Amino acid sequence: MIRWNEWSMKFNGCLIEVKINPKILGGIQDYVTAATFQDMEIAIRNFNLEAARISPLLTQFTDYSLKRIDYCVNFDLNELVSGYSSELIMDLIKRSDIPLYYKEYMEYDSIAHRMKSKPGSFYLMNKSTNINCYSKLMDLQQRSEDRLRRGLTPIPQKILDFAQGIIRFEVQCKYRKIYTASNRAKEAGNRNQNKYETLLSDEVCKETINYYYNKIIGKGNWYTLQAAIQKIKQQRFHKQKENRLIDALQLVNQCRSLARAKALYKGNELKAFKQTLNDLSLLGISPVTIPKDKGMKEIPNLLYTYYDKIQKENMQKQIAEFESDCLNEYIKKPV
């Protein structure tokens, strides 16, 4: 945006940065449920109305460029894996992989006198993308406490109750990541109200979530060490492969983190270890194992359990629509 500066008698440039939550902007005061592509139409309309009310300098949504997009999915443990606590699930997730060029966000703990990750959060960062997997309840509790310290109204208890058992997996794509893609979206012929439709679609969100979830947490279910070893032995591989798979599980269990176990290898040894991890993934086994004192042998993979649930719901919806159509046809049929 260019403005004339009467003092310096020059044109000066200025940048306006706007951060929006489509649900809140759409009039839905929901701190828990993730926004979808369907929320964008009313959000954009309200953005334009609010911008015009504040100042003509804020212009329209179509005049802005994207700086960051957050793709996310909510896992409701009460629906997907009932009986497992958020604390246990987050403990397993925090033992996942940390990809090359990423680092985990940590803060200095004045009591422990060392850097520690935030409780209930596994937050990985690099220059183009941040990955944040966290307990929604713990996140809102922290926000509520921050609001109290600033003399503001805390988040209502009913919202905190609604967040109970929800784990959010969030991919924060920063400017470096989306610059080229956003330019392609503008050049793709989108002349409707939402010029970034291709970037904000449900399909792109799903692809992005799948890629990073599989890269960090993986495709397998969580098992206890003994249950995972038993599953491997049932495959009746030759002894060398069986030992290789079991050794990898035992190492990750000993290191209490896949990332720490992987850091022990370099060169060809690292390449071989990655192949072993891929072999475990093909068996549906996560290299991160459940501590034996938790009293459970297996916990399903959150992402694929989520997709199974969505598929079943869609199937039931299709069946209900088919039955309704058949009933309507029967009613219309002349006697």
* Highest GNM mean-square fluctuation, the chain, Cα pairs closer than 10 Å: which of Tyr306, Tyr108, Tyr196? -> Tyr108
* Among Asp279, Asp293, Asp308, which one moves the most in a GNM of the chain with springs linking Cα atoms closer than 10 Å? -> Asp293
* **Choice from Ile217, Ile24, Ile16 showing the highest fluctuation, given a GNM over the chain with Cα pairs closer than 10 Å** => Ile16
* Just the number, please: percent antiparallel of the DSSP beta bridges in the chain, rounded to the nearest 5. => 90
* **Within region 64-79: backbone nitrogen closer than 15 Å to the Ile16 label point (7 Å, Cα to C-beta)** => 64-66
* Asked: How big is region 193-280 in terms of Cα radius of gyration and Dmax, in angstroms?
  -> 17.5, 61
* How large is ³J(HN,Hα) for each residue in region 256-261, as worked out from phi by the Karplus curve 6.51 cos²θ - 1.76 cosθ + 1.60 (θ = phi - 60°), to whole Hz, x for Gly and Pro? -> 6, 5, 5, 4, 5, 5
* Which of (1) 1.22; (2) 1.26; (3) 1.18 is the computed Cα Rg over 2.2 N^0.38 Å for the structure on display? -> (1)
* Asked: Roughly how many percent of the accessible protein surface of the chain is carbon and sulfur, given a 1.4 Å probe and a whole-percent answer?
  -> 52
* Asked: Taking R0 as 51 Å, what's the FRET efficiency between Met125 and Phe322 from their Cβ-Cβ distance, rounded to 0.05?
  -> 0.60
* Asked: Hey, if we sort Thr208, Thr153 by accessible area with the 1.4 Å probe, largest down, what's the order?
  -> Thr153, Thr208
* Cα→Cβ-extended label distance, 7 Å offset, between Asn210 and Leu264, nm -> 3.4
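Please compute the per residue accessible area over the chain with all protein chains in place, 1.4 Å probe, rounded to a whole number of Å².
The answer is 64 Å² per residue.
The values are calculated or read from the model by the stated rules, or taken from the named source; none is laboratory data. Keep in mind the model is a prediction, meaning the values are calculated, not measured. FYI the Cβ positions are ideal-geometry reconstructions off the backbone, even for glycines, and counts take in every protein chain you see. With ligands, DNA and RNA removed, areas are computed over all heavy atoms of the protein, side chains included. Shrake-Rupley method; radii C 1.70, N 1.55, O 1.52, S 1.80 Å.
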